[in-house]
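Only one structure is covered here, and it is reproduced in the block below.
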Amino acid sequence: MGSQSFLGFLLVIFFLMMVGFLSGSSQAYQFHVGGRDGWVLNPSENYTIWAQKNRFQVNDTLFFKYKKGSNSVLVVIKDDYYSCNIKKPIRSLTDGDSIFKFDRSGPFYFISGNADYCNKGQRLIIVVLAVRPKPQPAPVPVPQSPSPVAAPPSSSPPHLPPSPVESPSDSPTDPSAPEPASGHSSGGFTGLGGLVLGSSIMMGMMFGLA
């Protein structure tokens with residue numbers, strides 16, 4: 001019982017770990033722009049290289065850490081990104097600890113609110129991966145009614161007329177069977193008996209005359 005209880009305990013722990021892993025993998029992730037340096041002019045890792053090393057999905061967030069009042073983050077269109085135009089941003093982040101959430105897939109353009117910083121390289125492009133639709137279950141084919149199958153031909157042998165019964169005279173003679181006695185043999189036996197009988201009568205007549 002002790003080993004079974006311990007095994008059950010391990011199974012429960014494994015199950016909880018799997019649930020936590022699956023739930024954690026489905027949650028959004030927050031990326032710290034610039035790492036420990038934050039949103040600065042010259043980070044230890046170039047913003048472009050940093051963005052290429054990561055994969056961004058819908059509902060992920062970017063965290064911008066910077067000094068409030070001296071810098072800011074502007075979300076702009078593509079043309080304003082390359083021209084460092086800070087006059088008409090899509091969105092402006094100025095609180096010093098700014099969080100931006102990706103609400104769609106595709107490219108996002110970020111520049112510093114200081115045009116001079118932007119021209120010196122403080123800008124960032126993020127490409128969010130497209131959302132993959134959940135696979136739909138394959139339609140179940142509707143079974144078709146089977147077509148009627150012709151009955152196979154009967155396997156019984158064809159009807160044949162009865163064979164004629166052979167008469168005894170038509171049956172072949174067995175060569176090993178004894179042959180019946182011929183008429184000559186029976187006739188010879190009858191003649192011999194008559195000769196003996198005649199001789200007896202004549203002898204009786206001779207003895208009577210004497």
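The values are calculated or read from the model by the stated rules, or taken from the named source; none is laboratory data. For clarity, every value in this text was computed on a predicted model and none was experimentally measured. Heads up, the Cβs are rebuilt from the backbone with ideal geometry, glycines too, and the neighbour counts pull from every protein chain shown. Ligands, DNA and RNA are excluded from the accessible area calculation, which covers all protein heavy atoms including side chains. Shrake-Rupley method; radii C 1.70, N 1.55, O 1.52, S 1.80 Å.
With +1 on the Cβ of every Lys and Arg and -1 on the Cβ of every Asp and Glu, and nothing else charged, how large is the dipole of region 60-121 about its Cα centre, in debye rounded to the nearest 20?
80
Leaving out ligands, DNA and RNA but keeping every protein chain, what accessible area does residue 111 have, in Å² rounded to the nearest 10, with a 1.4 Å probe?
0
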